[in-house]
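Working notes, beginning with the structure itself.
The values are calculated or read from the model by the stated rules, or taken from the named source; none is laboratory data. Only a predicted model underlies this, so the values are computations on that prediction, with no experimental measurement involved. Quick reminder, even Gly has a Cβ in these numbers, built from the backbone with ideal geometry, and neighbours come from all protein chains shown. Side chains included, ligands, DNA and RNA excluded: accessible areas come from the protein's heavy atoms. Shrake-Rupley method; radii C 1.70, N 1.55, O 1.52, S 1.80 Å.
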Amino acid sequence: MKTSHIIFDLDGTLVNTIEDIALAMNRALVSHGFSALPLEVYPDMVGWGIQKLAALALEAQIRPQQIPADETDRAALINKLAREALDRYDEIPLRFSRPYPEIPELLHILIDEGFVLAVLTNKPDPVARQVVKGLFPDIPFAVIQGDRIDSPKKPDPDLTRSVMEAIGAAQGSTLFVGDSVVDVETAHAVGCPIVGVSWGFRGPDELVKAGADHLITTPMKLLEIVR
């Protein structure tokens, strides 16, 4: 079937958000007496949601003796870091974040050609909506779905199917676009093809190894796949 619906990841796919993510998490870390992490370590830690990011940020500390040995205390600390990072991110989500080159133009072309577009991300839902609406105010995404409390995350197929159902997307006519193994797993969990983007946080090697169905090096090359 011809592609009619396209579901995009957000971070590392549509928008380079890594500096704002790092800023929020580093502020949370410092406020609890831990070391801020260098920007270059963050691309490999994002994609699984704010809780996982907080856990990985703790694992990356140069003084691990500061981290509670007790599992319950450690989990409580991770929750505090995640909540504080989210609060700080929610305050100023667009200080450094910008769309990748060609992305706004691509989205306009896709809308003009009749494709239904959606965003499915593990970024916390309120921040995801701020980022999308702040950077793409004139793009009518059918759904913007971020991580919500007590709801499944990507690559959970139930979450993905609910988004597809909400936008009227059929398995045979839906294409996913993302930059990480999480996105590949998300698409394949519901039997849909995935286009991996080489400009994101992970790079092409991870996408090829994960089994991406297509790999593109610039946004406009997506048109060659969907037309």
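May I ask you to give the solvent-accessible area per residue for the range 7-86, in square angstrom, as obtained with a 1.4 angstrom probe?
On the way: 3530 Å² over 80 residues.
It amounts to 44 Å² per residue over the range 7-86.
With a 10 Å cut-off between alpha carbons and a GNM built on the chain, which of Gly172, Gly200, Gly114 moves the most? Fluctuation is largest for Gly114. Hydrophobic, long helices, defined as DSSP H runs whose alpha-carbon span along the helix axis is 18 Å or greater and whose mean Kyte-Doolittle value is at least 0.0, occur in the chain at 18-31.
Considering only protein heavy atoms and a 1.4 Å probe, what is the carbon-and-sulfur percentage of the accessible area of the range 128-224? Intermediate values should be presented prior to the final figure.
Details: 2130 of 4250 Å².
The computed percentage sits at 50.
Per-atom-type breakdown for the range 4-86 gives carbon and sulfur 54% of the accessible area (1.4 Å probe, protein chains only). Note on the chain: the C-alpha convex hull projects to 11.9 nm² when averaged across all orientations.
Ellipsoid fit via the Cα gyration tensor, the range 51-113: semi-axes of 38, 12, 11 Å, each the root of five times an eigenvalue, largest first. Note on Ser173 and Val208: the model spin-label points, each 7 Å out from Cα along the C-beta direction, lie 3.4 nm apart. Each of Leu81, Ile92, Pro68 was scored by the projection of its Cα onto the charge dipole of the range 66-117, and the greatest displacement toward the positive side belongs to Pro68; charges sit on the C-beta of Lys, Arg, Asp and Glu. Taken over the range 19-58, the alpha-carbon convex hull comes to 59 cubic angstrom per residue. Near Met45, once Lys and Arg are set to +1 and Asp and Glu to -1 for all other residues with Cβ below 13 Å from its Cβ, the sum equals -2. In the chain, the calculated helix contribution to ellipticity at 222 nm averages -13000 deg cm²/dmol per residue, counting -39,500 (n - 2.57) for every DSSP H run with n ≥ 4. Checking every one of the trypsin sites (Lys or Arg not before Pro) in the range 51-154 against DSSP loop status and a limit of 16 other Cβ atoms within 10 Å picks out Arg95, Arg148. Legend: P(r) of the range 95-227 from all alpha carbon pair distances, 10 Å bins from 0, whole percents, reading 12, 43, 41, 4.
A 1.4 Å probe run over the range 138-192, with the rest of the protein chains in place, finds 42 Å² accessible per residue.
Note on the range 146-220: along the principal axes its Cα atoms extend 31, 28, 20 Å, ordered by decreasing extent.
Under a 10 Å cutoff between Cα atoms, tell me which one of Asp112, Asp156, Asp138 has the largest fluctuation in the Gaussian network model of the chain. It is Asp112. For a quick check, take a GNM of the chain with Cα springs below 10 Å and name the residue from Leu120, Leu58, Leu39 with the largest mean-square fluctuation. Maximum fluctuation in the GNM of the chain, among the listed residues, is at Leu39.
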